[in-house]
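*Asks:* Okay, handing you the structure first.
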Amino acid sequence: MIYGNRVKGKVAIITGSALGIGQACAKLLAAEGAAVAVTDVNDEAGQCLVDEICEAGGTAGFWHLDVSNEREVTAVTQMVRTKFGPTTILVNNAGVGGTEKPTHEVTADEWDNLMAINAKGVFLCTKHVLPQMMSVKRGSIVNLSAIYGLVGASQMAPFRASKGAVQWLTKTDAITYARYGIRVNTIHPGFISTPMTENHLAARGDDSEDTKIAAQRLHPMGRMGDPEDVAFGVLYLASDESRFVSGAELVIDGGFSARLC
């Protein structure tokens with residue numbers, strides 16, 4: 001499994017990493033030498049991933065984590081430090097898609113529940129990892145936004161608003177913590193083939209295959225992305241290869257957003 005040493009000696013916390021993009025990130029960062037904390041609310045899938053990484057020669061541990069719960073975030077970040085040392089990579093990947101409703105039909109509970117994970121969760125994990133990074137004067141935070149954190153579209157107002165919030169928190173933190181050697185960047189994926197995307201597309205049409213094909217055609221490259229496509233971007237931003245990159249947006253969308261410019 002070990003491919004190289006691009007993040008050797010680093011400690012990575014990846015939220016929502018039992019499946020999809022987070023899972024691909026965990027495998028790749030572990031393969032490149034990082035000690036990886038797999039965190040998720042899906043305990044079974046998370047532990048299976050850790051077992052797979054360790055059997056392949058990597059270093060990983062699993063912690064149950066609801067990113068919207070500050071008590072859990074505080075406990076998990078401290079437990080990871082105790083086991084592996086100070087966290088130097090944080091990948092804020094946990095997120096939900098939420099409702100398809102237009103703004104005037106969204107309930108306050110629907111808004112709050114999505115924001116608690118997609119926006120508050122990023123804030124909480126960042127808040128509690130920053131002191132560890134500040135103590136060693138280095139670190140890379142990679143926040144998963146979306147193309148809809150950069151461009152507008154109809155429907156899904158809470159989701160799109162949450163991704164915009166992530167975008168601007170990232171820029172603020174990039175400026176604030178640069179003096180500690182901490183870099184903060186966003187990744188903006190297009191449609192990626194994950195369980196969450198599959199469920200989202202299936203909910204939009206009667207024929208899920210036709211809906212999937214239509215989504216593929218939105219990308220000039222003619223396909224949706226794979227989780228690994230995003231993971232390689234995360235690896236770059238987590239590694240010292242991107243040592244002069246902070247407050248930036250890395251778009252990984254097969255040309256989707258280029259169509260909208």
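*Asks:* Return only the number of the condition from (1) modelled with pLDDT under 95; (2) touching a strand residue (DSSP E or B) at 6+ places or on another chain (Cβ under 7 Å) that residue 154 does not satisfy.
*Replies:* (2)
*Asks:* Let me ask something additional. The conditions are (1) surrounded by fewer than 16 Cβ atoms within 10 Å (Cβ to Cβ); (2) touching an Asp or Glu at 6+ places or on another chain (Cβ under 8 Å), and residue 99 fails exactly one of them. Which is it?
*Replies:* Here residue 99 meets the rest and fails (1).
*Asks:* Now for a different question. Which of (1) closer than 20 Å to residue 123 by Cβ; (2) buried (at least 23 other Cβ atoms within 10 Å of the Cβ) is the odd one out, the single condition residue 74 does not satisfy?
*Replies:* (2)
*Asks:* Can you name every one of the strands (runs of 3 or more DSSP E) wholly within the range 39-151 that holds 2 or more residues which are of a type outside the set (A, V, I, L, M) and modelled with pLDDT of 95 or more?
*Replies:* So the answer is 59-64, 139-144.
*Asks:* With the condition kept exactly as written, say whether any residue in the range 180-197 is of a type outside the set (Val, Ile, Thr), modelled with pLDDT of 95 or more and surrounded by fewer than 17 Cβ atoms within 10 Å (Cβ to Cβ).
*Replies:* Within the range 180-197, one or more residues are of a type outside the set (Val, Ile, Thr), modelled with pLDDT of 95 or more and surrounded by fewer than 17 Cβ atoms within 10 Å (Cβ to Cβ).
The values are calculated or read from the model by the stated rules, or taken from the named source; none is laboratory data. Predicted, not measured: the structure shown is a model, and the values here were computed from it. Neighbour counts are summed over all protein chains in view; Cβ atoms, including those assigned to glycine, are modelled from backbone coordinates with ideal geometry.
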